[in-house]
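**Student:** Take this structure, written in structure tokens, and hold onto it; I'll ask about it next.
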Amino acid sequence: PCRFQAAPLSVSIGHQGGRASIQLSTLDGCSWTTQSSQSWMRVIAGSGGEASASIELAVDSNTGPERSGVLTVATLHVVVNQNAAPGDRTQCRFSLDPGARTIPAAGGNGSFSVSTLAGCAWSAASNQPWIVIVSSSHMVGSGDIQYRVEPNPSPTVRSGIITAGTRRHVVQQEGVAR
């Protein structure tokens, strides 16, 4: 079966824009494509193939508040976070640490920290039913999000996203061994 791994799963780009490189690993003969969720980030090399490859991403400069997009690579999600423009007056800016985590096929627990100013309200939500937030999902100021990942019954690696504030945390789960 075809399995895919991408690194890194989370990329941060300055407000001025720039390029990022993502390494995709798979077996020869395993076909894949890429798709960007935002017009301000474009794949300029490695838009698809049938083997391991390097994917080059170009990110436009940002003149507004911080923003986040998702690059789908094969079955995986790579989050691209971009800083706000220097003149942006949005006070509530968010950062996540770490931006991504890999969980074994058997499932398990994960967490990440959200940093922001005191008084900034935010919530966290998962885009997959197999990623369950177990801590409070509504907070004010900095805090930690804890989550549980259900076992993966498939041999295929899967990924999902937890959005917290304006940022995204990628959860990648390994496939079960056959």
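The values are calculated or read from the model by the stated rules, or taken from the named source; none is laboratory data. For clarity, every value in this text was computed on a predicted model and none was experimentally measured. Neighbour counts are summed over all protein chains in view; Cβ atoms, including those assigned to glycine, are modelled from backbone coordinates with ideal geometry. What goes into the accessible areas is simple: the full protein's heavy atoms, side chains included, and nothing from ligands, DNA or RNA. Shrake-Rupley method; radii C 1.70, N 1.55, O 1.52, S 1.80 Å.
**Student:** For Gln38, enumerate residues with amide H under 5 Å from its amide H, sequence gap 5+ or separate chain, H modeled in the peptide plane.
**Tutor:** Amide H neighbours of Gln38, under 5 Å, 5+ apart: Val70.
**Student:** Counting only heavy atoms of the protein chains, get the accessible area per residue of region 118-160 (1.4 Å probe) and round it to a whole Å² value.
**Tutor:** It amounts to 48 Å² per residue over region 118-160.
**Student:** Using alpha-carbon pairs under 8 Å, 6+ residues apart, how would you state the relative contact order of the chain in percent?
**Tutor:** With pairs under 8 Å counted, the relative contact order is 21 percent.
**Student:** Skipping prolines and chain starts, which residues have an amide H placed within reach, meaning under 5 Å, of the one on Ala100, given they are 5 or more residues away or on another chain?
**Tutor:** Val170
**Student:** What is the sum of charges, Lys and Arg at +1 and Asp and Glu at -1, for the other residues whose Cβ falls under 12 Å from the Cβ of Asp60?
**Tutor:** With Lys, Arg at +1 and Asp, Glu at -1, the net is +3.
**Student:** OK, next. What does region 105-177 give for Rg and for Dmax, in Å, if only its C-alpha atoms count?
**Tutor:** Taking only Cα atoms of region 105-177, I get Rg and Dmax of 13.2, 46 Å.
**Student:** Mind checking the alpha-carbon convex hull of the chain and giving the volume per residue in Å³? Don't skip to the end; give the middle numbers.
**Tutor:** Numbers: hull volume 16.5 nm³, N = 178.
Spelled out: Cα convex hull of the chain, divided by residues, is 93 Å³.
**Student:** Turning to a different aspect of this structure: Could you compute the net charge surrounding Gln172? Neighbours are other residues with a C-beta less than 9 Å from the C-beta of Gln172; K and R count +1, D and E count -1. Could the numbers behind the result be given before it?
**Tutor:** Details: positive: Arg101, Arg158; negative: Glu174.
Counting the neighbours of Gln172, the net charge comes to +1.
**Student:** Return the single residue from Ser52, Ser142, Ser154 with maximal mean-square fluctuation; model: Gaussian network over the chain, springs between Cα atoms under 10 Å.
**Tutor:** Taking springs between Cα atoms under 10 Å, the residue moving most is Ser154.
**Student:** Same structure again: Report, in debye and to the nearest 20, how large the dipole of the chain comes out about its Cα centre when Lys and Arg carry +1 and Asp and Glu carry -1 on their Cβ.
**Tutor:** It comes to approximately 160 debye.
**Student:** Express in Å², to the nearest 10, the accessible area of Leu27 obtained by rolling a 1.4 Å probe over the protein heavy atoms while all chains stay in place.
**Tutor:** Here the residue's solvent-accessible area equals roughly 110 Å².
**Student:** Could you tally the net charge around Leu27, taking each other residue with its Cβ under 13 Å from the Cβ of Leu27, Lys/Arg +1 and Asp/Glu -1?
**Tutor:** On the way: positive: Arg3; negative: Asp28, Glu50.
Here the charged neighbours net out to -1.
**Student:** Which order do you get for Cys92, Cys30 if you rank them by accessible area with a 1.4 Å probe, largest at the top?
**Tutor:** Values: Cys92 50, Cys30 5 Å².
Highest to lowest solvent-accessible surface, that is Cys92, Cys30.
**Student:** Out of the total accessible area of the chain (probe 1.4 Å, heavy atoms of protein only), what percent is carbon and sulfur?
**Tutor:** Roughly 49 percent of what the probe reaches on the chain is carbon or sulfur.
**Student:** Let me ask something else. May I ask you to evaluate 6.51 cos²θ - 1.76 cosθ + 1.60, the Karplus curve with θ = phi - 60°, for each residue of region 36-43 and list the ³J(HN,Hα) values in order in whole Hz, giving x for glycine and proline?
**Tutor:** 8, 8, 9, 6, 7, 10, 10, 7
**Student:** Give me the base-10 log of I(q)/I(0) for region 1-105 at each q in 0.21 Å⁻¹, Debye formula, one uniform scatterer per Cα, rounded to two decimals.
**Tutor:** -1.07
**Student:** May I pose another question? Search the structure for amide H atoms under 5 Å from the amide H of Gln128, placed 1.01 Å from N in the peptide plane, and list their residues when 5 or more places away or on another chain.
**Tutor:** Amide H to amide H, under 5 Å and 5 or more residues apart or across chains, Gln128 pairs with Ile161.
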